[in-house]
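Note sheet for the following structure.
Taken together, the values in this text are just the output of simple stated rules run on the coordinates, not laboratory data. Note that the coordinates shown come from a computational prediction; the quantities given were computed from them, not determined experimentally. Here the Cβ positions follow ideal geometry from the backbone for every residue, glycine too, while neighbour counts run over all protein chains shown.
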Amino acid sequence: MPELPEVETTRRGLEPHILGKRVKHVILRRDSLRWPIPFEIVEKLPGQRITGIERRAKYLLMHTGAGSALWHLGMSGSMRVLAANAPAGKHDHVDIVLAGKRVIRFTDPRRFGCLLWQPTGEVHALLQKLGPEPLSAAFTGEYLFQRSRGKRVAVKSFLMDQAVVVGVGNIYAAESLFRAGISPLREAGSISKARYEKLALAAKQILAYAIERGGTTLRDFINPDSEPGYFEQELDVYGREGLHCKQCGRPLRDSRLNNRAGAWCGHCQT
Ligand SMILES: [Zn+2]
């Protein structure tokens, strides 16, 4: 599943190829993805120039003077810039055809992704209740500490709550908690400010490293034969249930939270 680093890498990969380009027309090979694709995509985008591509949480916003196309890659989505005559496959659901014989192609085998419309001057409902970006100055240990007071929820669930901070999914929550030495099961409200400072720093470092690595290892965004978007992570705990802790050598435990797997070390994380 594309996580925040893959979405940011996608944004960076697309930007130089689409910025300032004019949309000629839009080809929809189905009328809905996770949700119906609104008519504005077909009626308002053509003729517009792409003025920017922005990431908010795991959403991508493609801005134009008429409004913004709002994308989410869902479980299996990816976006590439290809030659306009590149044959479309079974899972290539949307083409944004650009002047200059290029096309932005959205591919999504499982169709949990979405393509929606945000009118100019408005913030889409999906973006309204999101917490701060993890790599922004607003996301700090002090913020997590204040926000968690009185909360009895497990700290891992707290960290994965998009209203608290965006884009920290199961992988990055597990990895950040391991690096900070905090048990994922500990009550969010019982953790000290000093420990939250470690946690915020760990999350920032791990995400920034993944983005940097994605930028250097990702197959390029204009090669039709590549599978863009996802890259191997160097993970300490996620997906390593029962294997040895890289720090102490003891077997990692598996504690499910909200029905999602979660490896952690009962010795290194308290
Ligand atoms: Zn350990």
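Taking the alpha-carbon distance from residue 58 and a cut-off under 22 Å, which lysines remain once sequence neighbours fewer than 8 residues away in the same chain are dropped?
By straight Cα distance, residue 58 reaches 129, 156, 204.
Which values of log₁₀ I(q)/I(0), to two decimal places, follow from the Debye formula for the chain at q = 0.14 Å⁻¹ with a uniform point scatterer at every Cα?
-0.98
What FRET efficiency comes out for residue 205 versus residue 85 if R0 is 35 angstrom and r is the Cβ-Cβ distance? Round to the nearest 0.05. Could the numbers behind the result be given before it?
Values: r = 43 Å, r/R0 = 1.24.
The computed FRET efficiency comes out at 0.20.
Based on the Cβ-Cβ distance from residue 124 to residue 193, what FRET efficiency comes out when R0 is 35 Å, to the nearest 0.05?
0.55
May I ask you to sort 199, 159 by Cβ crowding, counting other Cβ atoms within 10 Å and putting the fewest first?
On the way: 199 23, 159 27.
Ascending Cβ contact count within 10 Å gives the list 199, 159.
With a Förster radius of 35 Å, plug the Cβ-Cβ distance of residue 244 and residue 32 into 1/(1 + (r/R0)^6) and report the FRET value to the nearest 0.05.
Values: r = 46 Å, r/R0 = 1.31.
Working from the Cβ atoms, E equals 0.15.
Note down the relative contact order for the chain as a percent, whole number, built from C-alpha pairs under 8 angstrom at least six residues apart. Kindly include the intermediate steps, with their values, before the conclusion.
Values: 561 pairs, mean separation 49.7, N = 270.
In percent, rounded to a whole number, it is 18.
How about residue 21: which lysines have a C-alpha closer than 20 Å to its C-alpha, ignoring those fewer than 8 places off in the same chain?
Hits, sequence-local ones excluded: 44, 101.
Rg and Dmax of the range 1-121 over Cα atoms: what are they, in angstrom?
12.8, 36
Calculate the spin-label point distance for residue 212 paired with residue 12, positioning each point 7 Å from the Cα along the beta-carbon direction, and give it in nanometres.
About 1.0 nm, to one decimal.
When only alpha-carbon atoms count, how far does the range 100-174 stretch along each of its three principal axes, as whole angstroms with the largest first?
The principal-axis extents, from largest down, are 54, 32, 21 Å.
Provide the three semi-axes, in whole Å and in decreasing order, of the ellipsoid equivalent to the range 54-212 as defined by the square roots of 5 times the Cα gyration tensor eigenvalues. Please list the in-between numbers first.
Values: eigenvalues 262, 57, 35 Å².
Working from the Cα gyration tensor, I get semi-axes of 36, 17, 13 Å.
Quick one: Karplus J couplings for the range 31-46, per residue in order, coefficients 6.51, -1.76, 1.60, θ = phi - 60°, nearest Hz, x for Gly and Pro?
8, 8, 10, 5, 10, x, 7, x, 4, 4, 4, 8, 8, 9, 5, x
What is the magnitude of the charge dipole of the chain about its Cα centre, with +1 placed on the Cβ of each Lys and Arg, -1 on the Cβ of each Asp and Glu, and no other charges, expressed in debye to the nearest 20? Don't jump to the answer; show the numbers that get you there.
On the way: 40 positive and 27 negative charges, 72 e Å.
About 340 debye.
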